[in-house]
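Working notes, structure below.
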């Protein structure tokens, strides 16, 4: 039943996430340069990948505050109804957080499979295995960004959460750039210039860093959910 | 039976240094319909949220069915047996009436389909309508349905009749009375409508500034509290020291009005012993008790 | 028998219910052996707390006016027929007293207050008598 509630809550956002994901792809498709060869638009792929990793943000939710695509009257007051159910807050959190991530992963899975159709040049330069590795990389790396959304969603409403997360991630990104982080720690380059699309191997170190950071953030979020007063 | 479904002891809770509860003691016996009264900001909703485990008290103890609501696993056990109607009467905007009924049903093994059918009909609820499209009254009714059909042993209702028209109020009160009578359900409800409390409650607590100022059986209260009017035929005696229990004394001309919270017989005797005095006694309504106690506090 | 209670009159509801049942017996609307509504039915019909109905019934049972039979409900006690006769006689006394008082030009309210005052005095007298004795 909580999955059902989560689905009703997120289906509109899923649609939005889908649009956000494919909009730039479709826009870029018309540029002739894209047909030239992968090397020429590596920079754009890197930017796009980063962009895709933050798509899950929109689907992050901690299961307490009610969410919908559009803010409606009485939205957050209905969380008292959720909290009156005989369910632990941890279960509310775990269900919603998992659901949002599965949805995000499903949307992002469409990207590598759609790319060879959108960019014919890709068909010659990458194998299916590479595309799968590429997908796996940005799913794993996006856990960090998703978890930032999770933590913020424990106390912020939807829209504020999305914007605040975005600002935080952009700050992190520019921070990583200016500090010249080593590639083994740089989650951003792992989905960009060091992604399997170009290196043809999985960036294990930054993926490990991402999972570790996500685990810490998720634990924090679940602690906040259990301890918070409403 | 000496069993209390809800029991709080010295409950304290502050928000940003402002005390919302200042040592609240509350005991709600099983099977009672308990009216919880107080002005806005007196601490009613804070108390109810504490009982539902939404807030944790700064100090003191709250128990529901003998369990601590703030504790995660006890909280689940409590919520299995409690139907709660929150102050705001808000439900998920993306669900229809039928959907939220179906959703809620899944959490409660003791869900009462018989009562559900009855209330959908009685309250004339449009099953396929989305929740934001319901009137305020219909939302209140739907919330009551969702609380009651859980098969709850205790209903905690924060202003349940808010937004209902007089006919619906009467329907709801009748159902609450029937639930208490036939199912032995304990009902703890807060309300601003003193007349509806007076109608169905057998126990009442008036809370003010976070403490219980009056609590007990409503019938006993109405026997204990009385308004006395003492009229003097001749000169009005000065400096009368009224006996204990004369909470509020008001003098006008040759007439003294006394609001007595206890020891009425003693005060009547004292008044009759004064030269030239004739005493009249008036019963006191809950509204008067409320106004006088909240004023004198 | 139809009961009409006024929750906001200040008189406890159980007292009002007791008075109406007593009144029913006095006027003959309720006769010895008649069954009274069940607690649940009365509570729902009058929209009042079942515990309050229980209290009224218990007190009336204590006074010997009704009998509570386990499982089958409440019945007007057989002993009330004698009581009803006494009440009817008393009614005559009260009636003539009221007539005389209104002949003296007293209003309804004044008469009521006089009665109430006398009863209060009597009660106070009994109490102080008990205390001193």
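Entry remark, the range A:190-208: residues being in contact (Cβ under 8 Å) with a residue 40 or more places away in the chain and outside any loop (DSSP other than H, G, I, E, B) number 6 in total. Every condition in (1) without any contact (Cβ under 8 Å) to a residue 40 or more places away in the chain; (2) out of contact with any strand residue (DSSP E or B) (no Cβ under 7 Å at 6 or more places or on another chain); (3) under 30 Å from residue B:171 (Cβ atoms) holds for residue C:48 except the one numbered (1). Taking (1) part of a loop (DSSP other than H, G, I, E, B); (2) under 17 Å from residue B:218 (Cα atoms); (3) more than 9 Å from chain B (Cβ to nearest Cβ) in turn, residue C:33 satisfies each apart from (2). For residue B:267, indicate whether it is buried (at least 18 other Cβ atoms within 10 Å of the Cβ) and assigned to a strand (DSSP E or B). In short, no.
Is at least one residue of the range B:178-189 part of a strand (DSSP E or B), within 16 Å of residue B:112 (Cβ to Cβ) and either at pLDDT below 90 or touching a strand residue (DSSP E or B) at 6+ places or on another chain (Cβ under 6 Å) (or both)?
Step one: of the range B:178-189, the residues part of a strand (DSSP E or B) are B:186-189.
In the following step, the residues that additionally are within 16 Å of residue B:112 (Cβ to Cβ) were identified as B:187.
Add one more test, that the residue is either at pLDDT below 90 or touching a strand residue (DSSP E or B) at 6+ places or on another chain (Cβ under 6 Å) (or both), and what stays is B:187.
The answer is yes, given that some residue of the range B:178-189 is part of a strand (DSSP E or B), within 16 Å of residue B:112 (Cβ to Cβ) and either at pLDDT below 90 or touching a strand residue (DSSP E or B) at 6+ places or on another chain (Cβ under 6 Å) (or both).
Quick check: anything in the range B:224-234 closer than 30 Å to residue B:13 by Cα, at pLDDT 90 or above, outside any helix (DSSP H, G or I) and within 11 Å of another protein chain (Cβ to nearest Cβ)? Checked against the condition, which is being closer than 30 Å to residue B:13 by Cα, at pLDDT 90 or above, outside any helix (DSSP H, G or I) and within 11 Å of another protein chain (Cβ to nearest Cβ), the range B:224-234 yields no hits at all.
Could you say whether any residue in the range B:118-133 is within 13 Å of chain A (Cβ to nearest Cβ), outside any helix (DSSP H, G or I) and either over 23 Å from residue C:7 (Cβ atoms) or modelled with pLDDT under 95 (or both)? Within the range B:118-133 (the criterion being within 13 Å of chain A (Cβ to nearest Cβ), outside any helix (DSSP H, G or I) and either over 23 Å from residue C:7 (Cβ atoms) or modelled with pLDDT under 95 (or both)), the answer is yes, since at least one residue qualifies.
The requirement of being within 14 Å of chain B (Cβ to nearest Cβ), surrounded by 13 or more Cβ atoms within 10 Å (Cβ to Cβ) and closer than 28 Å to residue B:193 by Cβ is fulfilled somewhere in the range C:19-27, by at least one residue. Candidates are the residues of the range B:253-278 that are in contact with a strand residue (DSSP E or B) (Cβ under 7 Å, 6 or more places away or on another chain) and more than 12 Å from residue B:226 (Cα to Cα); the one that is modelled with the lowest pLDDT is B:276.
Anything in the range B:80-95 that is more than 7 Å from every other protein chain (Cβ to nearest Cβ) and crowded, with 24+ Cβ neighbours inside 10 Å? List them, or say none. Of everything in the range B:80-95, those that are more than 7 Å from every other protein chain (Cβ to nearest Cβ) and crowded, with 24+ Cβ neighbours inside 10 Å turn out to be B:82, B:83, B:85, B:89.
Within the range B:47-66, identify whether any single residue is modelled with pLDDT of 95 or more, part of a strand (DSSP E or B) and out of contact with any strand residue (DSSP E or B) (no Cβ under 7 Å at 6 or more places or on another chain), and answer yes or no. No - not one qualifying residue is present in the range B:47-66. Might you check whether a residue that is surrounded by fewer than 23 Cβ atoms within 10 Å (Cβ to Cβ) and touching a helix residue (DSSP H, G or I) at 6+ places or on another chain (Cβ under 7 Å) occurs anywhere in the range B:247-258? Taking every residue of the range B:247-258 in turn, at least one turns out to be surrounded by fewer than 23 Cβ atoms within 10 Å (Cβ to Cβ) and touching a helix residue (DSSP H, G or I) at 6+ places or on another chain (Cβ under 7 Å).
I'd like the residue in the range C:51-71 that is outside any helix (DSSP H, G or I) and in contact (Cβ under 8 Å) with a residue 24 or more places away in the chain and, out of all such residues, is nearest to residue B:186 (Cα to Cα).
Pass one, the range C:51-71, residues outside any helix (DSSP H, G or I): C:63-71.
Still in the list and also in contact (Cβ under 8 Å) with a residue 24 or more places away in the chain: C:65-66.
Numbers: C:65: 30, C:66: 28 Å.
Ranking the qualifying residues of the range C:51-71, first place goes to C:66.
Exactly one residue among B:254, B:241 is farther than 30 Å from residue C:49 by Cα, without any contact (Cβ under 8 Å) to a residue 12 or more places away in the chain and either more than 10 Å from chain C (Cβ to nearest Cβ) or over 14 Å from the mean Cα position of the chain (by Cα) (or both), and that residue is B:241.
The values are calculated or read from the model by the stated rules, or taken from the named source; none is laboratory data. Nothing here was measured: the structure is a model prediction, and the numbers come from that model. As a convention, Cβ positions derive from the backbone with ideal geometry for all residues, glycine included, and neighbour counts pool all protein chains shown.
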